[in-house]
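The values are calculated or read from the model by the stated rules, or taken from the named source; none is laboratory data. Everything quoted here is computed from the prediction, not taken from an experiment. Because the Cβ atoms are built from the backbone with ideal geometry, glycine has one as well, and the counts that use them run over all protein chains shown. With ligands, DNA and RNA removed, areas are computed over all heavy atoms of the protein, side chains included. Shrake-Rupley method; radii C 1.70, N 1.55, O 1.52, S 1.80 Å.
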Amino acid sequence: MTMMTNPNTLAAEPLNATPSDYDAVRRTVELITETWRDQPSLETMAAHVGMEPTRLQKLFRRWCGLTPKAFVQAITLDTARDLLRDSASVLDASYEVGLSGPGRLHDLFVSHEAMSPGEYAARGAGLDIAWGFHPSPFGDALVMATPRGLAGIAFADDQADRARVLADMTARWPRAHFHEDAAATADYARRVFHPDLWRPDDPLRVVFIGTDFEIRVWETLLRIPLGRATTYSDIAETLGKPTAARAVGSAVGRNPISFVVPCHRVLGKSGSLCGYHWGLTRKRAILGWEAGLAGADI
C-alpha cells in the first residue's frame, strides 16, 4: 500500500511532542487566525511566541509538515470554501477501504460498531471504560476504551485542564465504571496519532455509544475524506432529513471520538469553521495538520 505521508515533512514520532511544543503551535495558530489577512511574517509569529524564527519554522514543519506561511494559506477562507466543493457528492460517493490518497474511506481505516439502544438507554450501566491521558499533536489527549474498542477521545489544553475534560467525558455515560489505565489506552493513542499505523489490513476498532440518530450522524462523518469537508445541511440531506440541520449540529457537537470521527471537517456553508467542542484553535490546528498529510494539496 502507498502511504500518503511524506516522512521528510511530517514528524515521524508525533507522540513525542511536548506540551510546550503544542503550546507554541497553538499560540502561533491563534495569531494566524487573527491576522491571516495581513499574511504575518515568520519573524512576527516567532516574536509572538518568544522563539527564534528558525526554531519556530523547524518546530512547525516537524509538527504538521507545513511551514507557518504555508499553514496561513491552508486555513484561509478561500481554502475553506475549496474544502466544501461538491460537499454533498462527497457524502454520496462510496469509498473503498484500501484506496490511497485523500479519496479513501478514512485515513484511520476505522471499523466500527454501535451499542444497542438498550445499552445506551442504560447510560453505561455495566460498561467498563478505561481511560488515560497521552501526548498528541494537539495537546494532551484523553483516550477512553471499552473491551469492544475505542470509545472516546478528547483534548485538554494543559495539566490543569485534565480534570475538566475527564468530567466532561465521564458525564456522557454516568452509570459506567471508569478506571484509569494508561497502559490499556496507550496502544489506541499510538494507532490514532501515528499516520504510519493507519493500515487497511488492521483497522482501528471503535464503538459508538449514543442514540440511533447520533450514531447515523457519526457514521456519516466517517465518510468525509481527508482534505475535504461538508456542511450540517448536507449531512441532514444525506440522512433523508433535510430540515434536521440543527439536530445534526447537536449530534456533531456530541461526537465522543474526536479526530477519529472527523467532526472537525464539518464547516458552515460559507466556509466558516463554526463551533468545535474542544476549541476553534484546535480545529484549525487539526485541519492544518491534515493539510500537511495531504501535501498541502487541498
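Taking into account only those residues within region 1-56 that are among the basic types (Lys, Arg) and farther than 28 Å from TRP198 by Cβ, which is modelled with the lowest pLDDT?
ARG37
Scan (1) free of Cβ contacts under 8 Å to residues at least 40 places away in the same chain; (2) assigned to a helix (DSSP H, G or I) for the single condition GLU237 breaks and write down its number. Looking at each condition in turn, GLU237 falls short on (1).
Of all residues in region 154-168, those that are out of contact with any helix residue (DSSP H, G or I) (no Cβ under 8 Å at 6 or more places or on another chain) and either open to solvent by less than 50 Å² (accessible area, probe 1.4 Å) or modelled with pLDDT of 95 or more (or both) total 8. Across region 256-276, the number of residues qualifying as without any contact (Cβ under 8 Å) to a residue 40 or more places away in the chain and either touching a helix residue (DSSP H, G or I) at 6+ places or on another chain (Cβ under 6 Å) or in a helix (DSSP H, G or I) (or both) comes to 2.
Please work out which residue is least open to solvent (accessible area, probe 1.4 Å), limiting yourself to region 169-191 and to residues that are over 16 Å from PRO256 (Cβ atoms) and among the aliphatic types (A, V, I, L, M). Of everything passing the filter in region 169-191, ALA186 is least open to solvent (accessible area, probe 1.4 Å). Scanning region 199-218 for residues that are out of contact with any strand residue (DSSP E or B) (no Cβ under 7 Å at 6 or more places or on another chain), under 26 Å from PRO117 (Cβ atoms) and in contact (Cβ under 8 Å) with a residue 60 or more places away in the chain turns up GLY210, THR211, ASP212. Pairs linking a residue in region 153-179 that is free of Cβ contacts under 8 Å to residues at least 40 places away in the same chain to a residue that is outside any strand (DSSP E or B) and open to solvent by less than 20 Å² (accessible area, probe 1.4 Å), with Cβ atoms under 7 Å and 6 or more positions apart or on different chains, are ALA156/VAL165. Checked against the criterion of being loosely packed, with under 15 Cβ neighbours inside 10 Å, in a loop (DSSP other than H, G, I, E, B) and modelled with pLDDT of 70 or more, the candidates GLY126, GLY98 yield just one match: GLY126. Is it true that VAL72 is open to solvent by less than 30 Å² (accessible area, probe 1.4 Å), under 21 Å from PHE155 (Cα atoms) and not acidic (Asp, Glu)? The answer is no for VAL72.
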